[in-house]
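The structure appears right after this line, and notes come after that.
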Amino acid sequence: MKFYKTLRFKLIAFSVFIEVVMLSLLIANSSRLIENHLVSQAVKQLNETKSNIKASLLPLVVSRDYASLDSMLNEFTHSNKIVYIFVQDDKQIISHSKWDVNQKIPNISGNEEFNTDFDVFHTKISIDYLGQTYAEAYFGVDTAFLQNAKNELVSQSFIIAFVEIVLTTILLLSIGYLLTKNLFLLNDAAESITNKNFDVKINIDSDDEIGHLSRTFDNMIIQIKNQLSIIQQQNEFQNALINNIAYSMIATDKNGIITSFNNKSEQMLGYKASEVVGVYTPEIFHDKDEVIARAKEFSDELNQQVDAGFEVFVVKTDKNLPNEHIWTYIAKDGKRIKIRLSVTALKDSKDQIFGYIGVAEDITEKLILEHSLLEETNRVKAILENAGDFIHILDMEGNVFMFSDSFAHSLGYTKEETARLNVTMWDIGFDTKTIAQLVINPKSFETKHTRKDGTVFDVEVRTSGIELDGKMYLYAASRDITDRKLAQEQLHQRDILLQQQTRLAAIGEMMANIAHQWRQPLSAITSSISGLKLKQEYGLMEDNDITEVNDHILKNAEFLSKTIDNFRNFFKKDHIKRKFFIANSINETINIIKASYDNHFIQLDKELDESIYYFGSDNMLSQVILNLLSNSKDALVQNHIAEKHVIISLSLNENNIRIEVKDNGGGIKEEIQEKIFDPYFTTKHQFQGTGLGLYMSNQIVQNHFNGQITVHNITTEFGMGACFVIEFPSIEHDEDYMVN
């Protein structure tokens, strides 16, 4: 710190100034008193001189002794105090000494006040006696001695004053140093604190006020250091928060100059903080046309003129009004960014605004999403308004949230009434638990809906869980299946009729097979009895003949009985599901038709994988295989094939079970291959076929085995024929038990 700015200098300067003023007044007063004293002494001497001159000159003037008069006058001028003297009588100088007679006689009244302002004091005296004036004596008194005495005294006073001022200054410097040296320590400590150096300690070991102040100052430094540490931590936290927040934050002073520019702002706008802080206002990031339009809008809204500048961003904030609006930022590269900007005032402890902070959220993607959502909503509304299905969306309590016009129409309610419905009002089987389950595990099912008038109709409902605005809802699309139910019932009745017809046809087929099966054992029984009778008639019967014939008859009768059991099991109506080996089922079916094959000289070959099993109805599978084997037999016989061959095979193709029935009966025309599985379609004579066998076989495979039957022509070493393929997925089951 410069010395002239220190407290020590100011104390000394003020004290010296007071000392100078006081000494000046003292010297001035002393000079005046000295002058008055000298003048008083001079006046006294002047009066004495006048008396002496009068006394000395009177006799000479009266006697007219001019020679003596001149001599006397010269004696007077020889004195240092009388500069000139002359005597005038009747306005004529009669004698003089050191006076130039050509000079103008001073205009002197004789009563002038003694004055030391001039070097010569002019005066006169009357030389009179007893009231008679004989002449006038004019003379000038030298006053220079008085000025010299006065100046000498003043000079001495100034010297004394100067010495006193110097001594006073030295004294004040010493006192000031003693008083302010510790203050300099305090000042240095304060400057260190100003320079953010808090590692200072004031070492003043005294018990006076300065010592107490220094200790207080040390405590204050510690408190400031601790507070600044806390503030620094808070600032670091705030800076970290501001720089890592997902929003752009731009702070300005009250004039709009940018004072803070966080990391998100840099990323969003492409500017570095160093490029804009302290240089620009946020106007550079905005669309000028948008700012002008918004200024006009705010002017109309606030009923005041709003300038199209920084004011447009803060005018509402200044009025304590909500200030959040959609704006367009323009990045450094020209990219336009839609934002939601909220502007807040920064205020000091006196509630005075010292700046502003703007928080901007990039809503470009959100606006695109909202636009898409609006389009999707409109599309959904259009779908709902034109939907053929009865679409309705329920909240988790079962209340209607959205619905199609067709849904309201199906229940007979108006739109207003439908909007107030709960699902239990048209389907009592629903509750909140059911809705929660369907939201998690959507499914399709059939149920009944009740109309406003109380009538009930069948519907098929498809459900799924959907999320709208963060909430879960149940989407349901129902369809009136009353007509379908009626058609299904009609189809069911037709299927029953078809099954009966198929069963009757199968019975006829079986009767033929039974006839073939029984012909040989019955012929053997008849031959045995006839032979025994002839032996009896001719007396050739031996003891063991009856036993042999009896055993032979019993063996054939057992075969007949087993044949009846096989046919009876084949025609059972109950279809028991169980684990069975498919090769066993095929072999049992072959046993039924084998006699008929043998009777028509048909060679039946098997290629069976004995390890393949299935969990289902073996009886239904036997019906299908029997039908295919019968069709092959009929084709071979009808087409008069000389060497008749049928091959049945069983294999596992990946996860599918594959059964093939191939023959060399000439094949099936391609134009009718797609029709042979239709009901009542047959290539046989009307008295030989009903056209239901393949249709029912296909229905069995599709509905009970989840598979299919296909057909194509094939050429083997035995010739061309048809190849029927049964294929359905394999099902494994660990335990061999039966379920209905």
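The values are calculated or read from the model by the stated rules, or taken from the named source; none is laboratory data. Worth saying up front: this structure is predicted, and the values here are computed from it rather than measured. We place every Cβ from the backbone using ideal geometry, glycine too, and count neighbours over all the protein chains shown. Quick note on the areas: whole protein, heavy atoms, side chains included, nothing else; ligands and nucleic acids left out. Shrake-Rupley method; radii C 1.70, N 1.55, O 1.52, S 1.80 Å.
In the structure displayed, which of LYS272/LYS350; LYS443/LYS471; LYS606/LYS633 lie more than 27 Å apart, Cα to Cα? Can you show the working numbers first?
Numbers: LYS272/LYS350 33 Å; LYS443/LYS471 20 Å; LYS606/LYS633 15 Å.
Result: LYS272/LYS350 exceed 27 Å.
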### Query
What are the ³J(HN,Hα) values, in whole Hz, obtained from phi via the Karplus relation 6.51 cos²θ - 1.76 cosθ + 1.60 with θ = phi - 60°, for each residue of the range 16-30 in sequence order, with x given for Gly and Pro?
4, 4, 4, 4, 5, 4, 5, 5, 4, 4, 5, 5, 4, 5, 5
### Task
For LEU167 paired with LEU468, estimate the spin-label separation in nm (one decimal), with each label point 7 Å from Cα along the Cα-to-Cβ line.
10.7
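Ranking request for peptides 719-729, 339-349: highest mean number of other beta-carbon atoms within 10 Å first, then the rest in descending order.
Numbers: 719-729: 19.0, 339-349: 15.4.
Peptide ranking by packing, descending: 719-729, 339-349.
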### DSSP-assigned coil residues among GluC sites (Glu not before Pro) in the range 419-486, each with at most 14 further Cβ atoms within 10 Å
none
### Message
In whole percent, and with a 1.4 Å probe on the protein chains, what portion of the accessible area of the range 393-445 is carbon and sulfur?
### Response
56
### Message
To make sure I understand the rule: partners must be aspartates and glutamates, Cα under 15 Å from the Cα of LYS347, and not fewer than 8 residues away in the same chain. Which ones qualify?
### Response
ASP253, ASP318
### Query
At what distance in nm do the modelled label points of ALA55 and LEU26 sit from each other, each positioned 7 Å from its Cα along Cα→Cβ?
4.4
### Task
In whole Hz, with x marking every Gly and Pro, tabulate ³J(HN,Hα) for the range 535-548 from phi via Karplus 6.51 cos²θ - 1.76 cosθ + 1.60, θ = phi - 60°.
4, 5, 5, 9, x, 9, 5, 10, 5, 8, 5, 4, 5, 5
### Message
Can you list residues from other chains, or at least 5 along the same chain, whose modelled amide H is less than 5 Å from the amide H of GLY707?
### Response
GLN702
### Message
Heavy atoms only, 1.4 Å probe, whole protein assembly: order PHE445, PHE145, PHE237, PHE354 by accessible area, highest first.
### Response
PHE237, PHE354, PHE145, PHE445
### Task
For the range 249-295, run through the trypsin sites (Lys or Arg not before Pro) and keep only the ones in DSSP coil with at most 13 other Cβ atoms within 10 Å of their Cβ.
LYS272
#### Entry: Per-residue SASA entry for THR482, accessible area with 1.4 Å probe, Å² rounded to 10
60
### Task
Return the long-range amide H neighbours of VAL306 (sequence gap of 5 or more, or a different chain), with a cut-off of under 5 Å between placed amide H atoms.
SER299
### Query
Once phi is turned into θ = phi - 60°, what whole-Hz ³J(HN,Hα) does the Karplus curve with 6.51, -1.76 and 1.60 give for every residue of the range 153-170, x standing for Gly and Pro?
5, 5, 4, 4, 5, 5, 4, 4, 4, 4, 4, 5, 5, 4, 5, 5, 4, 4
## Note on the structure
Sorted by chain and then number, the residues having a modelled amide H within less than 5 Å of the amide H of TRP99, at least 5 places away or on another chain, are ILE85
### Task
Provide the net charge surrounding ILE34, with neighbours chosen by a C-beta distance below 11 Å and charges set as Lys +1, Arg +1, Asp -1, Glu -1.
0
